[in-house]
1. Determine which member of the set A2, A44, A50, A15 is at pLDDT below 90, more than 24 Å from E140 (Cβ to Cβ) and surrounded by 12 or more Cβ atoms within 10 Å (Cβ to Cβ).
2. Residues to consider are T105, T81; find the one that is modelled with pLDDT of 90 or more, hydroxyl-bearing (S, T, Y), under 12 Å from the mean Cα position of the chain (by Cα) and within 20 Å of F29 (Cβ to Cβ).
3. For a quick check of your reading of the model, give me the residue pairs whose first member lies in the stretch 57-76 and is within 18 Å of R16 (Cβ to Cβ), whose second is part of a helix (DSSP H, G or I), with beta-carbon atoms closer than 7 Å and at least 6 apart or on different chains.
4. Give the residues of the stretch 11-31 that are in a loop (DSSP other than H, G, I, E, B), in contact with a strand residue (DSSP E or B) (Cβ under 6 Å, 6 or more places away or on another chain) and more than 12 Å from V78 (Cβ to Cβ), sorted by residue number.
5. For the stretch 93-113, name all the residues that are farther than 11 Å from A128 by Cα and free of Cβ contacts under 8 Å to residues at least 60 places away in the same chain.
6. Step by step: first the residues of the stretch 56-101, then only those that are in a loop (DSSP other than H, G, I, E, B) and of a type in the set (D, E, K, R), then the one that is surrounded by the fewest Cβ atoms within 10 Å (Cβ to Cβ). Which residue is that?
Amino acid sequence: MARLVLAALDNSPRARDVLGTAVDLAFHFGARLVLFRAVSVPPAFPPAAATNFIDPLEPKLLEDARHELATLAREAGVDATVHVVTSSEPWRAIIDVAEALRASTIVIGSHGYVALDRLLGTSTARVADRAHCLVVVVHEGAEHRAHATLRQPYRS
């Protein structure tokens, strides 16, 4: 079934549960595992400040994300590819990378809902609604094996 599992990891405490679920799925199905993160310069950060340093901010953010994902993989004892991109729309980057890599499964964490999220939708909801592969949503604070929600792909 699963040939490549894409674990979409942010830097929240929930990332370890998402990784645990992705590792379990990859192991169970004999799939390759890719750890993914989309990073962006915060919108409140002045544009000139992001580019006028000796070490520009964007490459630093990318390198920090690569290092964090490699550390997570090492701590979990798994052999995984690390993939990091810059994007102002993480949900779109997740879908684009999943399609480019021909991922059969995306594992992503759920987010707590606030009123604005319900109105605009979360990155997780957008990925679950638009991905053309299986999406596993790991709920916050849940033991990853017991509370992952499987979402079958949408076919238009």
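The values are calculated or read from the model by the stated rules, or taken from the named source; none is laboratory data. Values in this document were obtained by computation on a predicted structure and should not be read as measured data. Cβ sites come from the backbone with ideal geometry, for glycine too, and all protein chains shown count toward neighbours.
1. Just one listed residue meets the conditions, A50.
2. Values: T81 fails: under 12 Å from the mean Cα position of the chain (by Cα).
Going through T105, T81 in turn, the sole match is T105.
3. Close Cβ pairs satisfying both conditions: L72/A15; L72/L19; A76/L19; A76/V23.
4. R14
5. Residues satisfying the conditions are A93, D96, E99, A100, H111, G112, Y113.
6. D79
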